[in-house]
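Reviewing the structure listed below.
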Amino acid sequence: MAGTKFAYVRNFELPDAVLPSTYMVVRIDGKGFHKFSKAHAFAKPNDPLALELMNEAARHVMAQLKGQVTMAFGESDEYSFLLRRDATLYSRRTSKITTHIVSLFTSAYVFSWSRFFPTTPLQYPPTFDGRLVVYPSTEIVRDYFKWRQADTHINNLYNTTFWALVLQGGQTESEATETLRGTFSRDKHEILWRFGINYDRLEAMFRKGTTLVWYRSVVEGSRTSTSSASAGTKADAIEGSRTSTSTTGSGTGTEADAIEETSSSTARQGVGQVDAQRETLEDEAAREGITPAHAAKRRAKAEKQRRKRLESAHDLELVTLHCDIIGDAFWSISAPAPAEVDEPQDEM
Ligand SMILES: [Mg+2]
């Protein structure tokens, strides 16, 4: 219908592409989740299954947008997704990216609901909204995620104390609100202490939220531990709280060791292959009717492609962490892995 007299309406669709070479964060947020959590009898102050369902939906988003989304952080009914600085998704169009992520997340949430709540039917369709914010530097991106985790802590401390007053202390919700008015962090800790709750012993997921990141861990069948920590290293913060990764390496080394080990074993494999190639190169050249030099060149090209594939998304593993991301330790090891993929996720 491009040539019709109606085609001019297309001009009303204004471009909304994001500035190049900037980080994009899409934050999705449950709409009316206060009501939703009541309708589905979510446990107070935290429902682990409801949070795990959020995490599952977020993992779906990350898996679908592997190579574009490098990290995510979630708490309560919200999740933030960080897109690579050079992300090409939907030609960086704000509305397309935001709506796509909201849609991926929401459908995954509904799709996975019965797995997490097998005996609680959905009462009505949950919805999420989303916003996209652009950040110009890694420093500000880090501060963004630190801000969200600080928020997790403040809300969780408040909510945990509030519900202790209600559920254990017998106060009404408005009485508990009054009790907490004007209190500081140490006051809340003291109240919790009276109810026998040691805040620092509560589940890390409640206190720290959930961080999803890609790690490079598997190299041609030889799984390498992504963070086998030694005392005081940057890996410590993560090691203590990782939940769903397999660290089969017996390693006592550091992350750097693990990488070193990986690359040297790859190099050893490479040497073996070179030997094998030397034996058959002449034969192959004769069979293919090409010169040995040409055959060698083809081999080199194939090897280069193989290495490139290795470095691509295949060896990235999505890990779920409940660690501190306010300190610098996390960022020195977990700078969002630059997931490269073969198939660009462009406009569909
Ligand atoms: Mg909300």
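What to note about this one:
- Qualifying positions in the range 52-67 - over 23 Å from R216 (Cβ atoms) and touching a Gly at 6+ places or on another chain (Cβ under 8 Å): M54
- Residue in the range 11-43 that is surrounded by the fewest Cβ atoms within 10 Å (Cβ to Cβ), counting only those that are charged (D, E, K, R), within 16 Å of the ligand (Cβ to nearest atom) and touching a residue at least 12 places away in the same chain (Cβ under 8 Å): K31
- Across the range 309-348, the qualifying residues are those that are at pLDDT 65 or above and in a helix (DSSP H, G or I), and the one among them that is farthest from T94 (Cα to Cα) is A329.
- Of all residues in the range 56-80, those satisfying the criterion of being within 16 Å of the ligand (Cβ to nearest atom) and either part of a helix (DSSP H, G or I) or without any contact (Cβ under 8 Å) to a residue 24 or more places away in the chain (or both) are A57, A58.
- Tally of residues being part of a loop (DSSP other than H, G, I, E, B) and either hydrophobic (A, V, I, L, M, F, W, C) or surrounded by 15 or more Cβ atoms within 10 Å (Cβ to Cβ) (or both) across the range 1-10: 3
The values are calculated or read from the model by the stated rules, or taken from the named source; none is laboratory data. All values reported here derive from a predicted model rather than from experimental measurement. Neighbour counts run over all protein chains shown; Cβ positions are idealised from the backbone, glycine included.
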